[in-house]
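K.L.:
Okay, handing you the structure first.
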Amino acid sequence: KKNSDNTIPAEWVQQTTQMQERWFFFLQKLEDRMEELCSVAVTELKAMRDRSGDLFDRDICQVQSGIAGQLSQMDNKVRDVYEQQLYPFYKHLLDQLDDAGLPSALAYDFRDACGGRQDQFEATRDKWRKQLDESVKPDNEAAYRRILEEHEQVKNKFRCQQCGAAISVDKIY
């Protein structure tokens, strides 16, 4: 029962295309949700950090942990869908092609395209995780500017206790 003309049935190609499109759409929806969630979170975390000044502020850590947890849930969802739907479909398609004596290129192309799209999703996730981590790090430049501003305000306010002459403090101590 080997297929001698090496033509893959159109319904197999159509099913493969539909499954690939569903996978791409699913990952795009998750990326959109990730962008929406993280862009707001990064802005808010930076504002919280600037208001707090405390490197280990519990509220900042809780917000960051909550967002990181949601990203982990997205990872788990992607892994579950891949393991429950995509990989079994790939294996079934590969078996069908093998049983029919057809080249396996359709299955391999499907696997490579879906894997490449998943790699793109993971790169986007990693980018947002890095931005979240960066948003809670202390802004040393802003702290230095505050110190300079404070120094400017107080550097000429010192007086000698004996004679009352103004003392200028040029250096930051």
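The values are calculated or read from the model by the stated rules, or taken from the named source; none is laboratory data. Just so it is clear, the structure is predicted and the values come from calculations on it, not from any experiment. In this analysis, Cβ positions are derived from the backbone assuming ideal geometry, glycine residues included, and neighbour counts consider all displayed protein chains. Protein only, heavy atoms only, side chains kept; ligands, DNA and RNA dropped before computing areas. Shrake-Rupley method; radii C 1.70, N 1.55, O 1.52, S 1.80 Å.
K.L.:
What accessible surface, in Å², does a 1.4 Å probe find on E134, ignoring ligands, DNA and RNA and rounding to the nearest 10?
P.N.:
Roll a 1.4 Å probe over it and E134 shows about 90 Å².
K.L.:
Pairs K130/K155; K46/K157; K29/K91; K91/K130: which are spaced more than 31 Å apart, C-alpha to C-alpha? Can you show the working numbers first?
P.N.:
Numbers: K130/K155 39 Å; K46/K157 33 Å; K29/K91 25 Å; K91/K130 35 Å.
Beyond 31 Å between Cα atoms: K130/K155; K46/K157; K91/K130.
K.L.:
Helix 58-81 versus the longest principal axis of the chain: what angle, 0 to 90°, nearest 10, using Cα atoms?
P.N.:
Helix 58-81 and the main axis of the chain meet at about 10 degrees.
K.L.:
At 20 °C and 1.002 mPa s, grab the translational diffusion coefficient of the range 54-173 from Stokes-Einstein with a Kirkwood Rh over Cα pairs, rounded to a whole number in µm² per second. Working shown, then result.
P.N.:
Working: Rh = 20.3 Å.
Translational diffusion coefficient: 106 µm²/s.
K.L.:
With a 1.4 Å probe and all protein chains in place, put S104, S65 in order of accessible area, largest first. Show your work: numbers first, answer last.
P.N.:
Values: S104 30, S65 75 Å².
Correct descending sequence by accessible area is S65, S104.
K.L.:
Now for a different question. Which sequence of Y90, Y108, Y144, Y82 reflects their accessible areas, 1.4 Å probe, from the largest down?
P.N.:
Details: Y90 20, Y108 90, Y144 115, Y82 70 Å².
Sorted descending by solvent-accessible area, the residues read Y144, Y108, Y82, Y90.
K.L.:
If ligands, DNA and RNA are left out, what is the accessible area of F24 with a 1.4 Å probe, given in Å² to the nearest 10?
P.N.:
About 70 Å², ignoring ligands and nucleic acids.
K.L.:
Which order do R33, R159 take when ranked by solvent-accessible area (1.4 Å probe, heavy atoms of all protein chains), largest first? Don't skip to the end; give the middle numbers.
P.N.:
Values: R33 100, R159 145 Å².
Greatest to least solvent exposure: R159, R33.
K.L.:
Could you state how much accessible area I8 has, in square angstrom rounded to the nearest 10, with a 1.4 Å probe and all protein chains kept in place?
P.N.:
50
K.L.:
From the residues Y108, F25, Q64, which one has its Cα farthest along the dipole of the range 1-138 in the positive direction, the dipole being from +1 and -1 charges on Cβ of Lys/Arg and Asp/Glu about the Cα centre?
P.N.:
Of the candidates, Q64 comes out farthest on the positive side.
K.L.:
How high is the FRET efficiency from Q131 to D59, r the C-beta distance, R0 22 Å, rounded to 0.05? Working shown, then result.
P.N.:
Details: r = 19 Å, r/R0 = 0.86.
Given R0 = 22 Å and the Cβ-Cβ separation, E is 0.70.
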